[in-house]
Amino acid sequence: MEDFNGQVAIVTGAASGIGLAIAHKLLAKGARVILFDLNSAGLHAEFDSYGERAVPVAIDVSDRALVEQTVKDMAGRFVKIDILVNCAGITGQTNIVSHEVDSADLHKVFEINFISSFYTSRAVLPHMIDKGYGRILHIASIAGKEGNAGMLAYSASKAAVICMAKVQGKEYAERGITVNALAPAVIRTPLVDNMPEQQVKYMTDKIPMKRCGTLEEAANLAAYIVSPYNSFSTGFTFDLSGGRATY
Ligand code: NAD
């Protein structure tokens with residue numbers, strides 16, 4: 001349905017999982033996509049076949065100065081940035097109760113899941129304001145709505161992401177820019193494969209459809225959210241939870 005011909009997108013965490021699926025979807029629908037990830041080899045293996053429409057950038061999104069400079073360079077090269085999708089994320093320690101949480105781990109999870117999404121959105125927003133158009137999507141999590149036991153750092157960082165979408169949605173609502181979040185339950189990706197099975201079972205048992213979501217389902221919904229069709233929803237957290245969250 002959506003057509004992204006002529007549009008320029010940045011997708012973070014594009015070398016794996018949900019970011020990878022979203023980047024492929026946007027490229028398949030005609031966008032030029034700038035791909036941010038720590039994993040340079042993974043980006044090249046996945047995206048070199050698209051030629052100049054795909055630009056792999058090896059970058060740590062928690063490096064504020066580097067994010068600002070890279071976005072500036074890319075906006076200069078492509079003249080505009082229409083879309084930002086923040087997918088880079090980590091779980092940190094899981095299956096661990098709050099009084100045992102390591103505060104360094106909690107800081108790191110916030111740095112990558114929340115603060116980095118702030119850095120990238122802060123860097124793209126002036127370019128979107130200039131053009132009077134933009135679509136920002138922060139990938140949050142059902143954990144940020146409900147709070148998963150054993151996942152304090154992750155859940156709280158995703159709650160912060162959801163709140164950032166609410167704040168930014170309101171702040172730019174009159175400038176042609178929508179800012180939304182997406183809250184998946186469990187999608188089978190390396191992020192989930194690396195979690196203790198007990199923690200994954202805790203999360204999947206709560207899904208009324210009794211299955212994980214697919215990458216295709218995540219990419220389809222994300223593509224709609226960042227398309228021009230999504231023009232009257234902002235500050236909203238879209239659900240992707242097989243019925244777990246009905247709000
Ligand atoms: P993933 O581990 O498959 O991919 C994450 C990617 O982010 C990796 O390629 C990794 O290299 C990159 N990354 C991590 N830290 C980075 C950094 N500092 N700078 C640049 N790149 C970095 O994970 P995924 O399952 O695809 O998750 C993507 C997003 O979706 C995450 O924000 C995650 O929290 C969220 N999410 C996932 C699920 C799920 O079930 N998979 C559910 C809810 C939310």
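For a distance above 23 Å, tell me the whole-number percent of Cα pairs in the range 1-131 that qualify. When all Cα pairs of the range 1-131 are counted, 33 percent exceed 23 Å.
Between N5 and I90, the simple spin-label model (points 7 angstrom out along Cα→Cβ) gives 4.2 nm. With a simple spin-label model that places each label point 7 Å from the Cα along the Cα-to-Cβ direction, the separation between A45 and D73 comes to 2.4 nm.
Radius of gyration over Kirkwood radius for the range 108-247, both on Cα atoms: the Rg/Rh ratio is 0.98. By accessible area, using a 1.4 Å probe on protein heavy atoms only, the range 113-247 has 57% of its surface on carbon and sulfur. Taking a point 7 Å out from the Cα of A28 in the direction of its Cβ, the residues of the range 211-244 whose backbone N falls within less than 12 Å of it are 215-221, 223. These residues, F236, F118, F110, go from largest to smallest accessible area, 1.4 Å probe, as F236, F118, F110.
Across 10 Å bins from 0, what is the distribution of all Cα-Cα pair distances for the range 1-60, in whole percents? Computed distribution, short to long bins: 28, 59, 13, 0. In this structure, the residue pairs whose Cα-Cα separation is over 28 Å, taken from K108/K210; K158/K201; K25/K72; K80/K170; K170/K210; K29/K210, are K108/K210; K170/K210; K29/K210. Just so you know, the Cα atoms of the range 8-234 work out to an Rg and Dmax of 16.8, 50 Å.
Span-like helix criteria (full DSSP H runs; alpha carbon extent of at least 20 Å along the helix axis; mean Kyte-Doolittle hydropathy of at least 0.0) are satisfied in the chain by 152-171.
The residues of the chain expose, per residue, 44 Å² of accessible area to a 1.4 Å probe.
The values are calculated or read from the model by the stated rules, or taken from the named source; none is laboratory data. Please read these numbers as outputs of a predicted model, since none were measured by experiment. For neighbour counting, all protein chains shown are included, and Cβ atoms are generated from backbone atoms with ideal geometry for every residue, glycine included. In case anyone asks, the SASA skips ligands and DNA or RNA and just uses the protein heavy atoms, side chains included. Shrake-Rupley method; radii C 1.70, N 1.55, O 1.52, S 1.80 Å.
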